[in-house]
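Encoded as structure tokens, the structure appears first; notes follow it.
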Amino acid sequence: MNMEKYNIMVVDDVPSICTAVVTALRTDYKVFPFTSGQDALDHLNKNPIDLVLLDYEMPKMTGYEVLLAIRTNRSTKDTPVVFLTSETNDRMKKEMLSRGATDYLCKPINHQELRDCIKKHLR
């Protein structure tokens, strides 16, 4: 399976997390990092993205607000969105999924879990 064709967007207000995810994935995917939810949505509206890795807690525009915008846009509504979260509370995880997230990964991000999660949702 040639994964080079897949475009992955990572959205996290912490630049070092974006950098770490890009580093972990760039050999297999085209990775587009954003530190702002609005910048990510602007890019998503003009460019095809196969999967979004999204921080849940961000200033200005929360991950949930970004997810809502993705889910209510006809061209992006089916794009897999995986939350990246430091939240370990089961109730919160269930809430992320019930609000339309495809999956979630806990920070700090395990690179193998990240790759496995992406492969699962790009099938």
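Details
- Column: log10 I(q)/I(0), Debye, Cα scatterers of the range 51-123, q = 0.11, 0.15, 0.21, 0.23 Å⁻¹: -0.25, -0.47, -0.92, -1.09
- Two-decimal ratio, the range 1-97, of alpha-carbon radius of gyration to 2.2 N^0.38 Å: 1.04
- Taking a sphere under 11 Å around the Cβ of Lys60 and counting the other residues whose Cβ falls inside, with K and R at +1 and D and E at -1, yields a net charge of -3.
- Length released on extending from Lys5 to Arg123, taking residue separation times 0.36 nm less the Cα-Cα span: 41.2 nm
- Figure legend: label point modelled 7 angstrom from the Cα of Thr27 along Cα→Cβ; residues of the range 105-120 with amide N under 19 Å from it are 109-120.
- Selected from Thr88, Thr62, Thr79 as most flexible by GNM, with the chain as the system and alpha-carbon contacts under 10 Å: Thr88
- Net charge of Cβ neighbours under 12 Å - reference Ile17; Lys, Arg +1; Asp, Glu -1: -3
Every read-out reported here was derived from the displayed coordinates using simple, explicitly stated rules and does not represent laboratory data. Just so it is clear, the model here is predicted, and its values are computed rather than measured. In this analysis, Cβ positions are derived from the backbone assuming ideal geometry, glycine residues included, and neighbour counts consider all displayed protein chains.
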